[in-house]
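Peer 1: One structure, as structure tokens, below. Some questions next.
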């Protein structure tokens with residue numbers, strides 16, 4: 001397994017624009033645009049760190065810069081996390097919804113944005129939030145996560161992501177941080193787990209690509225396997241890419257051997273030429 005500190009400690013590449021989608025200091029996003037003329041797809045990016053405030057968006061910047069160099073606008077979302085005021089349930093979820101809706105709307109008048117091609121990608125806890133977002137239109141009206149506005153994003157890529165919060169809680173992933181995220185257990189708040197767990201929202205009509213290493217000892221491969229199995233059974237388009245001998249952090253490192261399969265998964269979901 002690669003040295004975890006390698007990607008987490010590297011300085012983040014420069015971004016082009018920082019935009020704020022709310023009044024909280026953690027409600028912002030960093031945009032990177034291709035430096036050539038044209039109309040480009042948009043990839044929302046959600047970083048991981050088991051939803052905790054000590055991990056911010058800086059370490060995912062290398063992934064963003066690498067995709068922008070391939071002709072994709074990337075929008076890396078910062079959000080309120082466990083330890084931040086308003087983080088956890090329901091604020092963490094609400095921030096991802098608010099960020100994607102407001103930034104999509106703001107970019108809709110930008111000629112550089114090809115609105116027909118938009119996706120969201122996330123790593124680890126960010127994979128959970130990416131999968132959750134494209135299914136969020138299925139949330140019942142009595143949930144604080146329900147939103148009446150149309151969800152524009154119908155494609156999601158999860159990299160070593162958490163797709164089943166009940167299973168993650170049971171297995172005590174991240175030393176039990178699921179309980180902190182949801183402010184309680186599945187028994188205490190079954191409605192929260194129904195609304196916040198991506199696997200519970202299937203089928204969604206979205207397209208999915210899940211990439212997971214067989215040697216991931218942070219989030220087990222079984223999380224992605226169970227999600228794809230249920231998605232396919234219910235008729236959603238879902239692809240699982242299993243990478244032998246790959247751990248958790250290689251998936252977001254453009255210098256790792258896992259990178260090319262990640263690129264192929266993203267380009268395929270965006271209906272882009274694999275050679276671009």
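Peer 1: May I ask for the equivalent-ellipsoid semi-axes of the range 68-172, computed as the square root of five times each C-alpha gyration tensor eigenvalue and listed largest first in whole Å?
Peer 2: Here the semi-axes work out to 24, 17, 13 Å.
Peer 1: Would you kindly give the portion of the calculated P(r) for the range 4-269 that falls above 28 Å, as a percent of all Cα pairs?
Peer 2: 26
Peer 1: Then there is this: Looking at the chain, what % of its DSSP beta bridges pair antiparallel, to the nearest 5?
Peer 2: Counting DSSP beta bridges with both partners in the chain, the antiparallel share is about 20 percent.
Peer 1: Here's a follow-up. Provide the gained length on full extension for the span residue 140 to residue 225, in nm with one decimal, where the gain is 0.36 nm per separating residue minus the Cα-Cα distance.
Peer 2: Computed gain between residue 140 and residue 225 is 28.0 nm.
Peer 1: Let me ask you something else. Scaled to the compact-protein estimate 2.2 N^0.38 Å, what is the alpha-carbon radius of gyration of the range 167-260, rounded to two decimal places?
Peer 2: That works out to 1.19 for the range 167-260.
Peer 1: Using only the Cα atoms of the range 117-276, build the gyration tensor, take square roots of its eigenvalues as a ≥ b ≥ c, and label the shape rounded, prolate or oblate: rounded if a/c is under 1.5, else prolate if a/b is larger than b/c, else oblate.
Peer 2: oblate
Peer 1: In whole angstrom, how far apart do the alpha carbon centroids of the range 252-274 and the range 152-202 sit?
Peer 2: Between the Cα centres of the range 252-274 and the range 152-202 lies a distance of 25 Å.
Peer 1: A further question follows. With viscosity set to 1.002 mPa s at 20 °C, what whole-number translational diffusion coefficient in µm²/s follows for the range 1-154 from Stokes-Einstein and a Kirkwood radius over Cα pairs?
Peer 2: Using the Kirkwood radius from Cα pairs, D works out to 135 µm²/s.
Peer 1: A further question on this structure: Mind telling me which of 244, 194, 236 comes out most flexible in a GNM of the chain, alpha-carbon contacts under 10 Å?
Peer 2: Top of the fluctuation ranking is 244.
Peer 1: Then there is this: Quick one: length gained pulling residue 54 to residue 16 fully straight, 0.36 nm per residue minus the C-alpha distance?
Peer 2: Here the segment from residue 54 to residue 16 would lengthen by 11.3 nm.
Peer 1: Provide the gained length on full extension for the span residue 175 to residue 264, in nm with one decimal, where the gain is 0.36 nm per separating residue minus the Cα-Cα distance.
Peer 2: Gain on extension, residue 175 to residue 264, equals 28.8 nm.
Peer 1: For the range 220-273, how big is the tail of P(r) above 19 Å, as a whole percent of Cα pairs?
Peer 2: Within the range 220-273, distances greater than 19 Å cover 38 percent of Cα pairs.
Peer 1: Springs between alpha-carbon atoms under 10 Å, Gaussian network over the chain: tell me which of 59, 47, 146 tops the mean-square fluctuations.
Peer 2: 146
Peer 1: Give me the mean projected area, in nm² to one decimal, of the convex hull enclosing the Cα positions of the range 3-44.
Peer 2: Seen from a random direction, the Cα hull of the range 3-44 projects 4.7 nm² on average.
Peer 1: Pairwise over distinct Cα atoms, reciprocal of the mean inverse distance: report the Kirkwood radius of the range 37-96 in Å, one decimal place.
Peer 2: For the range 37-96, the Kirkwood estimate is 12.4 Å.
Where a number appears in this text, it was derived from the coordinates with a stated rule and is not lab data. Just so it is clear, the model here is predicted, and its values are computed rather than measured.
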